[in-house]
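Here the structure comes first, spelled out in structure tokens, and everything after it is commentary.
Only the coordinates and a few stated rules stand behind these numbers; no lab work does. Note that this is a predicted model, so its numbers are computed, not measured. Cβ sites come from the backbone with ideal geometry, for glycine too, and all protein chains shown count toward neighbours.
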Amino acid sequence: MGLPDTACITFRLSQAVYRPLFEEVWGAGSFAISFPSNTEAICSTPNVGGSATPVSLSPADRTRSNNDYDHWAQSISAYEHSLSVSPFTSKFDAFLKGTTTLTSDEMAGYNLFRGKANCNSCHLDGRSTAPAPTAPNSVDTGVAADTTPVFTCFGSANLGLPKNPRDSFYYETTPDFFGFTPNPAGFAYTDLGLGTFLRSGFGSAPNPNAAWRQFAGVSDGKMQTSTARDVAMVPPKCPTTEAPGPYFQKEFFHNGYIKSLKQLVHFYNTRDVYRMQVESAQCPPGTIEKVTCWPAAEVPQNQDMTVGNLHLTGMEEDQIVKFLQTLTDGFTTPYPDINTYTGACMTGGDASTQGNSTLIPSSRRR
């Protein structure tokens, strides 16, 4: 949200229509705080490089505000753990419970996901990774998958993604109404991910533990490993993420460079086979970006080398996509508001080159 003070969260909560619900859970006196008259103005103004507590509160009110902030976070955590957000109602969940079966392609994709493709080394499914790329003759001796695997290790990795020139942040190079320039470096900006946080770098909140700074260099480029669950979730009127569709256009990975699940799996599979030291929209003649040309990594150091050359066939890539589509919640218990989306679907093209028609050449970036 970019608010300059955690007290701004508390202040906004105190004005929310659901304040009575918050107080019902956390106590009627939760917002017995004397906010100064200029709180709204402070909370509506960027505070880059200034005090972390620009809202002037007494020690007692600051303590109460901090408690409210913690309770707000706990409430969000409880909601995210609830069946409203994490229902575990996908086809794969039903498969684990023995109430449905996977198709032959979905099952082949699952076996690749936890074997040759090495996906579940990070996107944990509760099983061993076997046969692994480094041990092609190994056998999975792990116990049956957990009934609610979360498909993430909660760690961080640098997958070597190229920059995405369609990220608007690269073009936010002039002062806004408040005189704030979000990105003075323009396209020269490099997102170092976890490394930026550890060194309290540009755009990052202060590192709360100076002892962590020593790990910044080996953490550059690392982004949090997201869950693979619901990666293929789409509204029913646009039944897939994949061209030719009708499809619902999503963006994948931390910067949205990848536009389809086919591209996502192909990137993991061939990143190091077709890597070229060029920027996006500059792949050489005779190559196709995202098919036979992967532009240079935004952060070349610290790349995860367990992926990049998995020797998957095109059919095997497609089978993994089929498996990923089984991780979408709503299979056994449909969402009641699943038809809310009223926007347009996209059609045409091919999942392998999806989004390439809107690549931005370097001449338009500077």
In what order do Thr332, Thr270, Thr148, Thr6 fall by count of nearby beta-carbon atoms within 10 Å, going from fewest to most? Thr148, Thr332, Thr6, Thr270
Of Pro285, Gln301, Thr89, whose Cα points farthest to the positive end of the dipole of the chain (charges on the beta-carbon: +1 Lys, Arg; -1 Asp, Glu; origin at the Cα centre)? Pro285
Contour minus end-to-end for Thr181 and Thr347, with contour as 0.36 nm per residue of separation and end-to-end as the Cα-Cα distance? 56.0 nm
In what sequence do Cys119, Cys283 fall when counting other Cβ within 10 Å, fewest first? Cys283, Cys119
Does anything in the range 107-121 have its amide N under 18 Å from the 7 Å Cα→Cβ label point of Met305, and if so which residues? 118
May I ask you to compute the full-extension gain from Ala16 to Asn66, defined as 0.36 nm times their residue separation minus their alpha-carbon distance, rounded to one decimal in nm? 16.2 nm
Between Met315 and Asn207, with labels modelled 7 Å along Cα→Cβ, what's the label distance in nm to one decimal, could you check? 5.0
Tell me which lysines have Cα within less than 26 Å of Lys259's Cα, excluding those fewer than 8 residues away on the same chain? Lys91, Lys116, Lys163, Lys222, Lys237, Lys250, Lys290, Lys322
Nothing charged except the Cβ atoms of Lys and Arg (+1) and of Asp and Glu (-1): what's the magnitude of the dipole of the range 220-266 about its Cα centre? Round to the nearest 20 debye. 80
Thr240's amide H: which non-local residues (gap 5+, or another chain) put their own amide H closer than 5 Å, with H modeled 1.01 Å from N in plane and none for Pro or chain starts? Phe248
Expected 222 nm ellipticity per residue - DSSP helices of 4 or more, -39500 (n - 2.57), all of the chain, to 500: -7000 deg cm²/dmol
Within the range 314-366, list the chymotrypsin sites (Phe, Trp or Tyr not before Pro) lying in a DSSP loop whose Cβ has at most 14 other Cβ atoms in a 10 Å radius. Tyr341
Cα lying deepest toward the dipole's positive end in the range 6-81, options Pro46, Ser14, Ile76, charges on Cβ: Pro46
Of Phe187, Ala351, Thr326, whose Cα points farthest to the positive end of the dipole of the range 91-366 (charges on the beta-carbon: +1 Lys, Arg; -1 Asp, Glu; origin at the Cα centre)? Phe187
Amide H within-cut-off set for Gly193, under 5 Å, with H built and near neighbours excluded: Gly221
Using alpha carbon coordinates only, what is the Rg to Rh ratio of the chain, with Rh defined as the Kirkwood radius? 0.99
If you project the alpha carbons of the range 6-81 onto their three principal axes, what span does each projection cover, largest first, in Å? 35, 25, 22
Go through the range 191-200 residue by residue and turn each phi into a ³J(HN,Hα) via Karplus (6.51, -1.76, 1.60, θ = phi - 60°); whole Hz please, and just put x for glycine and proline. 8, 8, x, 4, x, 4, 4, 5, 9, 6
Length gained if Ser357 through Thr292 is fully extended, taking 0.36 nm per residue and subtracting the Cα-Cα distance, is 21.8 nm
Treating only the Cβ atoms of Lys and Arg (+1) and Asp and Glu (-1) as charged, compute the dipole magnitude of the range 213-302 about its Cα centre; round to the nearest 20 debye. 200
Loop chymotrypsin sites (Phe, Trp or Tyr not before Pro), the range 137-234 (other Cβ atoms within 10 Å of the site Cβ: 15 or fewer; DSSP): Phe154, Phe177, Phe178, Phe180, Phe202
Going by how many other beta carbons lie within 10 Å of each one, how would you line up Val85, Val291, fewest first? Val85, Val291
Using alpha-carbon positions, what is the distance between the centroids of the range 271-296 and the range 1-57, in Å? 48
Dipole magnitude of the chain about its Cα centre, charges +1 at Lys/Arg Cβ and -1 at Asp/Glu Cβ only, in debye to the nearest 20? 540
Antiparallel DSSP beta bridges within the chain, as percent of all bridges there, nearest 5: 50
